[in-house]
């Protein structure tokens with residue numbers, strides 16, 4: 001795989017994360033409604049704080065993927081950490097969906113993260 005293609009994969013992965021982080025931070029009620037079907041689940045200081053911290057973490061992963069896109073060969077630890085995070089999100093959202101705690105949109109967002117894992121690993125193993 002060409003280095004330019006590898007860089008683009010990580011760049012688009014960064015945009016994926018940053019887009020979700022922006023929506024979660026700028027429109028928390030709407031984002032929670034999309035994920036869980038109710039904006040009421042983030043009422044109160046503690047739930048709102050943890051919700052905001054989650055989206056900040058998603059944004060930080062996006063920044064990490066952007067840094068990886070600049071030079072994938074020098075950032076393998078970020079790639080592995082990102083893949084682990086994406087698998088954890090998928091498993092968590094999958095479990096929550098099976099327990100009827102989140103909507104199909106929330107599950108599909110977690111599935112999208114899982115799919116990015118395959119792109120990241122393919123780009124990692126495709127280095128020259």
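The values are calculated or read from the model by the stated rules, or taken from the named source; none is laboratory data. Treat the numbers as computed from the prediction; the structure is a model and nothing was measured. In this analysis, Cβ positions are derived from the backbone assuming ideal geometry, glycine residues included, and neighbour counts consider all displayed protein chains.
Kindly provide the set of residues from the stretch 32-53 that are closer than 30 Å to residue 124 by Cβ and surrounded by 15 or more Cβ atoms within 10 Å (Cβ to Cβ), ordered by number.
The answer is 35, and nothing else.
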Checklist outcome for this item: Among 79, 63, 89, the single one that is touching a residue at least 24 places away in the same chain (Cβ under 8 Å), part of a helix (DSSP H, G or I) and under 19 Å from residue 3 (Cβ atoms) is 79
Next on the checklist: Exactly one condition in (1) in a helix (DSSP H, G or I); (2) at pLDDT below 95 is false for residue 128; which is it?
Outcome noted: (1)
Next on the checklist: Tally up the residues in the stretch 10-53 that are more than 30 Å from residue 73 (Cβ to Cβ) and touching a helix residue (DSSP H, G or I) at 6+ places or on another chain (Cβ under 8 Å), please.
Outcome noted: 20
